[in-house]
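Here it is, the structure in full.
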Amino acid sequence: MKITSNQLRAVQAILGKITSDRDDRISLLSDMFERPITSTKDLTFDEAKLILERFGGDELKAITVRKQQLKATIYHLSMKIEFLNLSYPGDDYDNRRMNMAKVDMWLLTHGIVKKRVKEMSIAELGKVIGQMKAILSNL
């Protein structure tokens, strides 16, 4: 059974409190239900019910926090890998954004998961961290 319009509005309200980024919300739902979701309209009635009644958004928030931690670890590790940060050292906003873009480009071509950091699941982020730690241990 498909999600109802009332459920859709309520789920979107909960997700909006967790993150304002649409791609992050979709990624969270895909992680939570372990299937590809491209829109909140893809949710079933039961999936929406689970979010609204049983979890109240708490599980999604936990996933968001964990993903943020893993992303931060990736960017932290990238600062230790010379070929990923050499051009844009420092901690100001513009340099951080350039490093993030450089990491994404490297991941798309050389990463164990051929995706941008923002598009990865928790498991995929963990694989990338393992890959980066292996690179660091060989330096």
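How much length, in nm to one decimal, is gained on full extension between residue 106 and residue 62, taken as 0.36 nm per residue of separation minus their Cα-Cα distance?
Stretched out fully, the residue 106 to residue 62 stretch lengthens by 13.0 nm.
How large a share of the accessible area of the chain, in percent, is made up of carbon and sulfur atoms when the probe is 1.4 Å and the other protein chains stay in place? Walk me through the numbers on the way to the answer.
Working: 4460 of 8320 Å².
Answer for the chain: carbon and sulfur cover 54 percent of the accessible area.
On a 0 to 90 degree scale, rounded to 10, what angle separates helix 5-18 from the longest Cα axis of the chain?
30
Oh, and also: If you line up the long axis of helix 58-78 against the longest principal axis of the chain, both from Cα atoms, how many degrees apart are they, to the nearest 10?
Here the helix axis deviates by roughly 10 degrees.
Can you compute the helix-only [θ] at 222 nm over the chain? Use -39500 (n - 2.57) per DSSP H run of at least 4 residues, normalise by all residues, nearest 500 deg cm²/dmol. Walk me through the numbers before you get to the answer.
On the way: 7 runs with 90 residues, N = 139.
Value at 222 nm, helices only, nearest 500: -20500 deg cm²/dmol.
Specify the angular offset, from 0 to 90 degrees and rounded to the nearest 10, of the alpha carbon long axis of helix 93-110 from the longest principal axis of the alpha carbons in the chain.
So the helix axis and the longest Cα principal axis differ by about 90 degrees.
When ligands, DNA and RNA are left out and all protein chains stay put, how many square angstrom of accessible area per residue does the chain have with a 1.4 Å probe?
60
Now a separate question. Run the numbers for residue 98 and residue 127: contour at 0.36 nm per residue of separation, minus the present Cα-Cα distance, in nm.
Numbers: separation 29, 0.36 × 29 = 10.44 nm, distance 2.25 nm.
Contour length minus Cα-Cα distance gives 8.2 nm.
Can you give the extra length, in nm with one decimal, that the chain gains between residue 136 and residue 69 once fully stretched, where that is 0.36 nm per residue apart less the Cα-Cα distance? Intermediate results must be reported in sequence, preceding the final value.
Numbers: separation 67, 0.36 × 67 = 24.12 nm, distance 1.92 nm.
Taking 0.36 nm per residue and subtracting the Cα distance, the gain is 22.2 nm.
The values are calculated or read from the model by the stated rules, or taken from the named source; none is laboratory data. Being a predicted model, the structure only gives us computed values, none of them experimental. Protein only, heavy atoms only, side chains kept; ligands, DNA and RNA dropped before computing areas. Shrake-Rupley method; radii C 1.70, N 1.55, O 1.52, S 1.80 Å.
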